[in-house]
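Worksheet: the structure to be examined is printed underneath.
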Amino acid sequence: MKSEEQRRAEEKLKELLKRYSGLTSRIHQGLLVALAMQGHINLKDILEKAQHAVAGGDPNRGLAKRWGSDERDAVHLLVRKYAAKHFTIDEIDTIVESAVTTERIRTVEDLSKESRVSFELIHQKLREHTRERQEKINAGETPPDEPMSVRVRLIHRFVSDQLEYIGVARHYLGISDLLPIMDRTIGPRNSMGRIGGKAAGIVLAQKVVNLHYEQHPPPKGFEIGLPETWFLRSDLFLDFIDQNNLTHANDLKYGPREEVREGYPMLLQVFKNGHFSTYIMGRLRALLKEIGKHPLIVRSSSLLEDNFGSAFSGKYQSIYVANQGDLDHRLDELVGAIAEVYASTLHPDPIQYRADRGLIDYDEQMGIMIQKVVGFRHGRYFLPAWSGVAFSRNEWRWTPRIKREDGLARIVLGLGTRAVDRVGHDYPRMVPLGMPDLRPEVSPRDIARYSQHFADVIDLESNRFESVPIHNILEIEHFPDIQRIVSIVADGMVHKPHTRIIDQDPSELLVTFDGLLQGSFPQVMRDILQALEKAYGWPMDVEFAFDGKTFHVLQCRPQGQRNASARVRIPAAVPETKRVFTARKYVSAGKIENIEYVVYIDPLDYEKIENYDDLVRIGQIVSRLNHKLEKKRFILIGPGRWGSDDIRLGVRVRYGDINRTLALLEMARSRGDHTPEVSFGTHFFQDLMEANIHYMPLFPDEPGVTFSETFFRESSNLLGEMLPEDARFDAVVRVLHVPAIADGDLLHLYMDGEKDRALAFLGREQSDHDVR
C-alpha cells in the first residue's frame, strides 16, 4: 500500500510534468540518472522490466537499441513509480529544476555552437538564464551548478580561444559572469566575435581578486576596484576591414620587413580615415554621451595578446583620448584612436613577433577595450595619484636579501606609461615587495638622481597626452595622497613629511613613495599577485593605478619566464686565461653554451660619436648583423640602455632588431665616481624572457670583476667583411668570431641567479646545449 508521502510525491511529479510539458523526456532522464546514481535502482533491471512489459521478454530485443514510444512510456512509468517511492517532494523539486535549468542552459550552449548565430541572440538567452538564476537566489533557493561544458563553450566563443586561458577561466567565470561584459560590448548586430586577450585577462583578474578578498578582506580603508570598461568585439575589426576594402592589407605581413616598415605610415593614414557603419557610429556616440567628458584610453586586445608565451607587450597601440570638446569632435577623436589600434596589427614589430613564434598565419583579429582613465583633474591636468606595474616574480634583484617569489613593483606619480616604458634620465621607484624599504640607491644624492622628475598626464587644455616636470604638478595645491608620495630634501638629507600639510617649495620635494611603502600597499600588491599566480599556475604581472580613493587593477597577463628554473652552478676550475668576463649583481639563472659570435659595442667608443645620423646608423648595423647571424649562436654586448628613446643612453633598436641573439648584455663603464645606469625596462624585458633571450648587465670596472679588454678590443673584427658598406664603424662595432680567436674554443656563459654570479669562459663545444 502506498504511503501518504508517496502519494504526495506522485501528485508533485504530475504537477511538475504538466508545468514543464515540453521537457518530459529531459525530466524523466534526470530522475532516472538520480535513481541510479543513488543506488535505488539498477539501470539494467529497469530497462529489462520495461522491455518485458512491452515485448513479453523477447530475447531478440537488445538493451542497446533505441526505444520505441511504447518502451519509452514504460520506462517513464517505472521512473515515476520509483521516484515517488524513494525521493521526498523537495528532492523531486530539486532534480526537476536541475533538469529544466540544464535544458535552458543547453539552449545557450547550442546557440553558441552555431557559427552563424548572432551575438544579440546569445546575449538575450544569457540574460534570461541569469534573471531566472537570480530569482532563485532571491527566493532563498540554491540554483543548480552550471555544466562545465557550457562555461567552456561560452568562454571559447565570446572571450578567448586560447586553451591555456580557458583551462584557468572555466574554474572561475560562471555563465552569469559573462552577462555584465556582454552588456558593455559593442559589435555588429548579426555576427559574433571575442573580446580578445587583454580584455580576457582583466575579466578573469577581476573575478579572482574579488573571490580572494571575499575570503581575505583587504586592510581597512584600502578599496580595490577595476576601471569602467567597454569592449569592442573582434568581429567589429573584421567588419571595419571589409567596409573599407582593406582585406588585401593583410597580405603585407608576408612581405620583406623593410617594405612593411616603409609602407606602414601610409597604411596607418588609410586606416585612420576609414569609417564604421551607421549603427556602430550610433553606439559609439551613445557611449560618449553616457561617459561624458572623462578622459579615455583605447587599449588593444588582440586574440593572441596577453596569453601564455605571447604577451605582445607593447606591440600594439594603446591610445589616450582626452575626450574634451563637443560631441562630434570627441566622437571623431575616439574613432581615430580605434582605427589606429586596428592599424597596429600590421605594424612590422608585431608581425616580426608573430613570425618568431610561428604565428604568422594565425588570423590575428583585434578586439578593443575602452576604459575610463583612472584619475582626477588637478589644475589643467588629468592623472592618477600613482600607478605602475607589478610582477609576481622578481628578476631584478640587487641583493641576496630580495627573494624572487616576493615580487616587484615599479611605481610612478601620474600615468603608468613611465613605469612600463623606457624613459631616458627618469626613473620609477622599484619596490621589492617582500622588503619594500630596500632600494639600490643609498646616498641622498643618488636617491635624488634616480627619482622621478617628469610625470605623464593628459593635458585637458591642449587636449593631449603630455610629459611635464613634476614641479608643475606639485606646485598646484591639494594633490591627493601627497604625504605618501614625496619626501623632503633638507640639509643634505631625505626624510618623509611629518604631517599631511606640506608647504615646502616643489624644488625641495622628491618622489620616493616612502610613506606609501610603509603602509599596506606592498602586502596588498603581493596578495593580489599571489592570488593570480595561484589561479593561473604561472607567474603574473599586473598594471595598476590609484585615483586618491580606490586602487584599480588595469591589466593582467602571464609574466614572461624562462622554461628552465634549475640552479646553474658556475664551474670552479676555469683557468684565468680562459675567463672572458664575470658579473656579480643583477644576475638571473641561465646557461648559454657554444657561443660562436659576439657583437660588441663599447660604451666608451659609442659616446665619442657626435653625429646624430651616425648614432642612428649604429642601431641599423645591429639590425643587419641580427639578420646576418640569425642562424648562428651569438650574443650582443653594448652600452646600457639598449632600445632607449634617448639615443645617447643606448643603441636605438627595436625588439625585431635584436630578436636572434641568445643574450642581450648591457654595459655600464665607470667614469670617475659615476657609473651610468642600465635598463630595467618592462616591455623589452618581457620580450626577452618570452623568447628565452637572456638579459644581464655588466659593470666591467667594478672591483672583483673580470673583463678581458684584450679579448674584446684586440681580436680580429669581422664587421667590414660582413657589412662592407659599414666598415668605417669598425672602431665602434666589433664582430668577434670566437673559434678563430680562441683556437677552436667556443664561449660559454653560466649565470647563477641564487648567488648572483656569472662567468663567461672559453672551452670546447658542449654537446647538450639548447638548440635555437
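The values are calculated or read from the model by the stated rules, or taken from the named source; none is laboratory data. Small disclaimer: the values here were computed from a predicted structure and weren't measured. Reconstructed Cβ throughout: ideal geometry from the backbone, glycine too, with neighbour counts over all protein chains shown. The protein model used for the area step is the full one, side chains on, heavy atoms only, and it has no ligands, DNA or RNA in it. Shrake-Rupley method; radii C 1.70, N 1.55, O 1.52, S 1.80 Å.
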*Just checking, how many residues over the range 426-457 are in a loop (DSSP other than H, G, I, E, B) and not charged (D, E, K, R)?*
13
_Number of the condition not met by S344 [criteria: (1) modelled with pLDDT of 90 or more; (2) out of contact with any Phe, Trp or Tyr (no Cβ under 7 Å at 6 or more places or on another chain); (3) under 20 Å from V420 (Cα atoms)]_ = (2)
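Given the options R133, R157, R153, name the one that is part of a helix (DSSP H, G or I), open to solvent by 50 Å² or more (accessible area, probe 1.4 Å), in contact (Cβ under 8 Å) with a residue 12 or more places away in the chain and under 15 Å from R194 (Cα atoms).
R153
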_With the requirement that a residue be of a type outside the set (G, A, S), more than 27 Å from E164 (Cβ to Cβ) and buried (at least 17 other Cβ atoms within 10 Å of the Cβ), what does the range 295-330 give you?_
P295, L296, I319, Y320, V321, N323, Q324, R330
*Are any of the residues in the range 28-38 over 18 Å from R72 (Cβ atoms) and loosely packed, with under 12 Cβ neighbours inside 10 Å?*
yes
*What tally of residues in the range 628-650 results from selecting those that are at pLDDT below 95, surrounded by fewer than 16 Cβ atoms within 10 Å (Cβ to Cβ) and in contact with a Lys or Arg (Cβ under 9 Å, 6 or more places away or on another chain)?*
4
*Can you tell me which residues in the range 227-244 are open to solvent by 20 Å² or more (accessible area, probe 1.4 Å), under 24 Å from G201 (Cα atoms) and among the aliphatic types (A, V, I, L, M)?*
L238
_Selection within the range 709-750 - surrounded by 12 or more Cβ atoms within 10 Å (Cβ to Cβ), in contact (Cβ under 8 Å) with a residue 24 or more places away in the chain and of a type in the set (S, T, N, Q)_ = S715
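Table: residues versus (1) in a loop (DSSP other than H, G, I, E, B); (2) touching a Leu at 6+ places or on another chain (Cβ under 6 Å); (3) among the β-branched types (V, I, T); (4) closer than 21 Å to S467 by Cα.
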residue: D328; (1), (2), (3), (4): no, no, no, no
residue: S344; (1), (2), (3), (4): no, no, no, no
residue: I351; (1), (2), (3), (4): no, no, yes, no
residue: A355; (1), (2), (3), (4): no, no, no, no
residue: G388; (1), (2), (3), (4): no, no, no, yes
residue: N394; (1), (2), (3), (4): yes, yes, no, no
residue: R401; (1), (2), (3), (4): yes, no, no, no
*Can you tell me which residue among I370, I351 is out of contact with any Lys or Arg (no Cβ under 7 Å at 6 or more places or on another chain) and either in contact (Cβ under 8 Å) with a residue 60 or more places away in the chain or β-branched (V, I, T) (or both)?*
I370
*Tell me which residues, restricted to the range 455-479, are buried (at least 18 other Cβ atoms within 10 Å of the Cβ) and under 27 Å from S520 (Cα atoms).*
A455, D456, V457, I470, I473, L474, F479
_Within the range 170-211, considering residues that are among the hydrophobic types (A, V, I, L, M, F, W, C) and assigned to a loop (DSSP other than H, G, I, E, B), the one farthest from the chain's Cα centre (by Cα)_ = M192
